[in-house]
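Take a look at the structure below.
The values are calculated or read from the model by the stated rules, or taken from the named source; none is laboratory data. What you see is a predicted model, and the numbers here were worked out from it, not measured in a lab. For neighbour counting, all protein chains shown are included, and Cβ atoms are generated from backbone atoms with ideal geometry for every residue, glycine included.
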Amino acid sequence: MKAAQPSELHYVYMVRCVNDCLYTGYTKNVEQRIAVHNAGKGGRYTRAHRPVELVASWRFTTKRAAMQVEYQMKQLSREQKLAQILQQSQQGKGMGGNGLDLWI
């Protein structure tokens, strides 16, 4: 199986909003998506709670896997999200993904 090219990767990302809430989303380009959120053109919630700061992102080779994890993450409480990030960073992997990038 060949390695996924950067343009073929899918990401689940988590940002911390100005009110300290955690927002989770899906994208194919994390840096661009954060810029869109901070420009006030992202999701409705982040538009009212910017600026946002990236705290973590998970890489996936399929959109399906990324979307499934995004849904799972959105079901978690704040404490569960933080625990998941810390646990996965210690293990060096994301929630079923191919990698975890952490900015906490």
(request) Could you please give the count of residues in the range 27-49 that are under 15 Å from Tyr13 (Cβ atoms) and surrounded by fewer than 18 Cβ atoms within 10 Å (Cβ to Cβ)? (result) 9
(message) I need a count of the residues in the range 41-59 that are modelled with pLDDT of 95 or more and either at positive phi or under 14 Å from the mean Cα position of the chain (by Cα) (or both).
(response) 1
